[in-house]
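Below is one structure, written out as structure tokens; comments come after it.
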Amino acid sequence: MMIKLYRRDADGVLHYHESWTDSEENLVVEHWGRVGERGESVQFEIPEGVSEDEAVEDMLAQARKDGFAELSRRDHRLIEVQYDLEDSWGTMDDLAVRNKVDALLNEELGWHGLGEWAGSSMGSGQMEIAYVVVDADEAIRVVTSALQASDLPMYSRINVQADEPDTD
């Protein structure tokens, strides 16, 4: 279980505060910071008799008191990181690149409080990897920086989905 909370400060800067569990290690993790920056994190052992859901909620109780709350769907954007392919449907090498790019970007977007993987596709000469993010401009900056610092290929383009009507 993971819960992500956000709060905008008086200057309009968006901050995140999130928590999740690591079942294998019996840990609850707390992670917070300014959206677009790598935040701070701490982890604690989940006390005996406390469920993972309770541990996450307990971890976020103070953040909720401080005004952090979950964002609605309308406060998120979908970005698609696109690559042009030489083969119309892609190759096994393209699939391997997609998996490596996705692993890198999902990790970077998560640790910067920006968002997470939403899906991917390959065909008709293109490969797309989609992420749901809370700040498209910051997400594009983090994606570009992460790919430039890696040995992975740079995207062909990034599309940002237009606003969606609220379906909450």
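The values are calculated or read from the model by the stated rules, or taken from the named source; none is laboratory data. This is a predicted model, so every value here is computed, not measured. Cβ placement follows ideal geometry from the backbone for every residue including glycine, while neighbour counts extend to all protein chains displayed. To get the accessible areas, we keep the full protein, side chains included, count just its heavy atoms, and leave off ligands, DNA and RNA. Shrake-Rupley method; radii C 1.70, N 1.55, O 1.52, S 1.80 Å.
Only one of the listed residues (Glu107, Glu80) is among the charged types (D, E, K, R), within 17 Å of Val132 (Cα to Cα), part of a strand (DSSP E or B) and within 16 Å of the chain's Cα centre (by Cα). That residue is Glu80. Number of residues in the stretch 44-77 that are closer than 19 Å to Glu24 by Cα, part of a loop (DSSP other than H, G, I, E, B) and acidic (Asp, Glu): the value is 1. Reported count of residues in the stretch 100-109, each being closer than 20 Å to Ile3 by Cα and in contact with a strand residue (DSSP E or B) (Cβ under 6 Å, 6 or more places away or on another chain), is 2. For the stretch 55-77, filtered to residues that are among the acidic types (Asp, Glu) and open to solvent by 90 Å² or more (accessible area, probe 1.4 Å), the residue that is nearest to the chain's Cα centre (by Cα) is Glu70. In the stretch 115-132, the residues that are within 19 Å of Arg73 (Cα to Cα) and among the acidic types (Asp, Glu) form Cβ pairs under 9 Å with partners that are assigned to a strand (DSSP E or B) and open to solvent by 50 Å² or more (accessible area, probe 1.4 Å), at six or more places apart or across chains, as follows: Glu116/Met2. Exactly one residue out of Gly110, Gly123 is modelled with pLDDT under 95 and either closer than 15 Å to Glu37 by Cβ or not polar (S, T, N, Q) (or both), and it is Gly123. Taking the listed residues Glu80, Glu24, Glu48, Glu52, the one that is more than 29 Å from Pro153 (Cβ to Cβ) and surrounded by 14 or more Cβ atoms within 10 Å (Cβ to Cβ) is Glu52, with no other qualifying.
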